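The values are calculated or read from the model by the stated rules, or taken from the named source; none is laboratory data. Quick caveat, the model's predicted, so the values are computed rather than measured. Virtual Cβ from ideal backbone geometry, glycine too; neighbours counted across all protein chains shown. Heavy atoms of the whole protein, side chains included, go into the accessibility calculation; ligands, DNA and RNA do not. Shrake-Rupley method; radii C 1.70, N 1.55, O 1.52, S 1.80 Å.
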Amino acid sequence: MAYLSKDEAERKLTENAFSTTVPRAGKSGVWRWETAFLASNNPIEDANAQMIVQPTEKGGDFWGKKGDTAADLLFFAIMDGHGGFNTSRLLAKTLIPSVALELQTLTQKPTSSASTKSGGQYTSFLGRLWGWMSWASRPEPTPTHEFNADPKYVEMAIKTAFSNLDSQIINTPIKAVDELTKGKKALDASGLDPASVEYQLTVATLLPALSGSCALMALLDSAHNDLYVACTGDSRAIAGYWDVDSNGNGKWRVEVLTEDQTGRNLNEVKRVQSEHPPEESEYVIQRGRVFGGLEPTRAFGDARYKWPKDFQQRLRELFDEDSELAIRRPPGDLKTPPYVIPTPEVTHRKLPISAAQDPNSPSTLRFLVMATDGLWDKLSSAEVASLVGEYLNRVSPAGAPPSSQADAVLKSVLAKTVTETPLAPGIAGVSHSPSPSKDKDYEKESWSFSDKNVATHLIRNALGGADEEGVRQLLSIPAPLSRRYRDDLTVTVVWWEEPAASDGAATPEKVKARL
């Protein structure tokens, strides 16, 4: 295998890195976030999305005054697809808007407009299909309370949006297949025309249901200084705090905000077992996986674990091996689906955006890291926090003095700059912070600090850090062989700075939205 040149490896590592700076109102400083991704699968199965929802007159007092950037809602999401990219790419387009719309309904008066009802106005197959997949067919719920940013209502809206979106992904194909076959039970693949519009549209609805994706979403409500992190699957989010002791000395602290929802998590095993008859408890989770196959116990799509067995058998009759749909047999023990759910666990934290806003606070949440499991397979939560903390110390005038200005820092030195939050969730029952002392080379190895983009900075260090030759070797391995050594990696880092640390750059229009 030929290695990439140094320049080729550097280009591959940095070509999908993005940075955004958003000035906030008055003297509140700026929001900054940086995202980077690196493929191992071809095409990549990860996806990501960002959106700023700005207040309008329609939003009322909750959203703030029109044009007030201090009242923005900032959304960030990363998706970790499996079995293909169809589900993750769909979520990149629909997950954040779905949550934003669900939040909006909590501030609106009910309407009886016929445009919000599904039904008779759709007469063609295409029209009905659009109705099944569109928010236009979703009746507006009648609010029973005044939405006042109470975290329990926000959490409820996020969970509802996740569940409703997955319901559309899973149920739309059932309706489409029924429409395609017109109820003819004797019809099989030989009786379908793959070139027809109806066939192609049905296939389009099946693809995101057959593949699957984990999803991790963060909502930052800057009007009320609230942070919400919703996790479905095994991507992870951590928060970095700057803690100051009574002597005025500061140190970074990491808090793991999510719990990896897999068959290795005893909490998830108990939950799955409790949702099905006792006789299924012995085999529903096998070898840390659902029926021995799927590792995440919560995910979008993955209809193989959600559709009734008879519908899956019907699909195999309609779409044979020559179709583009690789429809696998349903699990042999599938009896009471669904066995995989989309409902996220939601974590809420207050956002003391800067120490200047609360000078008496000994602890300030300064950054958020979201990443797919490809990063956490290589780095512990504490390592990620120390890498980001040191990076911010170097680039922010308001940060702490850096440990070093060198492009490489010993791992053993940087490990001393961060502590962990007791009882943080992590991977329940499995250590999420491997002890450096167990690695005989840890005292000699170094982290790299050569990147301008902090998300790329994390990916580089996941691949080997200051070991340039090792990083280049991993980047040179082509797909699909590369999956033996690393997964797709997607990282988003969000932080906020005082005005002095801002360059005043404008926000790209493509990430803006309004309610």
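Inside region 26-50, residues that are at pLDDT below 95 and open to solvent by less than 30 Å² (accessible area, probe 1.4 Å) make up a count of 3. One residue stands out in region 338-366 among those that are buried (at least 19 other Cβ atoms within 10 Å of the Cβ) and modelled with pLDDT of 95 or more: the one that is farthest from Arg289 (Cα to Cα), namely Thr347.
A quick yes/no check of all residues on (1) polar (S, T, N, Q); (2) at negative phi; (3) touching a strand residue (DSSP E or B) at 6+ places or on another chain (Cβ under 9 Å):
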site: Val290; (1), (2), (3): no, yes, yes
site: Arg298; (1), (2), (3): no, yes, yes
site: Asp302; (1), (2), (3): no, no, yes
site: Lys306; (1), (2), (3): no, yes, yes
site: Leu315; (1), (2), (3): no, yes, no
site: Tyr339; (1), (2), (3): no, yes, yes
site: Pro344; (1), (2), (3): no, yes, yes
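Checked against the criterion of being over 21 Å from the mean Cα position of the chain (by Cα), at pLDDT 95 or above and either under 19 Å from Trp495 (Cα atoms) or small (Gly, Ala, Ser) (or both), the candidates Gly429, Gly465 yield just one match: Gly465. Checking each residue in region 56-91 for being among the small types (Gly, Ala, Ser), assigned to a helix (DSSP H, G or I) and modelled with pLDDT under 85 picks out Gly59, Gly60, Ala70, Ala71.
Filter region 245-268 down to the residues that are acidic (Asp, Glu) and more than 12 Å from Glu345 (Cβ to Cβ), then identify the one that is most open to solvent (accessible area, probe 1.4 Å). Checking each candidate, the answer is Asp245. For region 246-262, the set of residues classified as of a type in the set (Ser, Thr, Tyr) and in a strand (DSSP E or B) consists of Thr262 only.
Residues checked against (1) of a type in the set (Val, Ile, Thr); (2) surrounded by fewer than 18 Cβ atoms within 10 Å (Cβ to Cβ); (3) without any contact (Cβ under 8 Å) to a residue 24 or more places away in the chain; (4) assigned to a strand (DSSP E or B):
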{"position": "Gly183", "(1), (2), (3), (4)": "no, yes, yes, no"}
{"position": "Ala186", "(1), (2), (3), (4)": "no, yes, yes, no"}
{"position": "Thr202", "(1), (2), (3), (4)": "yes, no, no, no"}
{"position": "Thr205", "(1), (2), (3), (4)": "yes, no, no, no"}
{"position": "Cys214", "(1), (2), (3), (4)": "no, no, no, yes"}
{"position": "Leu227", "(1), (2), (3), (4)": "no, no, no, yes"}
{"position": "Asp243", "(1), (2), (3), (4)": "no, yes, no, yes"}
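Do we have Thr94 as at pLDDT below 90 and not basic (Lys, Arg) here? It is false that Thr94 is at pLDDT below 90 and not basic (Lys, Arg).
Taken over region 461-478, residues that are closer than 16 Å to Val409 by Cβ, part of a helix (DSSP H, G or I) and either open to solvent by 20 Å² or more (accessible area, probe 1.4 Å) or without any contact (Cβ under 8 Å) to a residue 60 or more places away in the chain (or both) amount to 1. If you take the residues of region 216-225 that are more than 13 Å from the chain's Cα centre (by Cα) and either in a strand (DSSP E or B) or at pLDDT 95 or above (or both), which of them is nearest to Gln54 (Cα to Cα)? Checked region 216-225; the qualifying residue nearest to Gln54 (Cα to Cα) is Asp221.
Does region 281-292 include one or more residues that are over 20 Å from Asp373 (Cα atoms), among the hydroxyl-bearing types (Ser, Thr, Tyr), open to solvent by less than 50 Å² (accessible area, probe 1.4 Å) and assigned to a loop (DSSP other than H, G, I, E, B)? Yes, because at least one residue in region 281-292 is over 20 Å from Asp373 (Cα atoms), among the hydroxyl-bearing types (Ser, Thr, Tyr), open to solvent by less than 50 Å² (accessible area, probe 1.4 Å) and assigned to a loop (DSSP other than H, G, I, E, B).
If you go through region 1-25 and keep only what is surrounded by 15 or more Cβ atoms within 10 Å (Cβ to Cβ), at pLDDT 95 or above and among the basic types (Lys, Arg), you end up with just Lys12.
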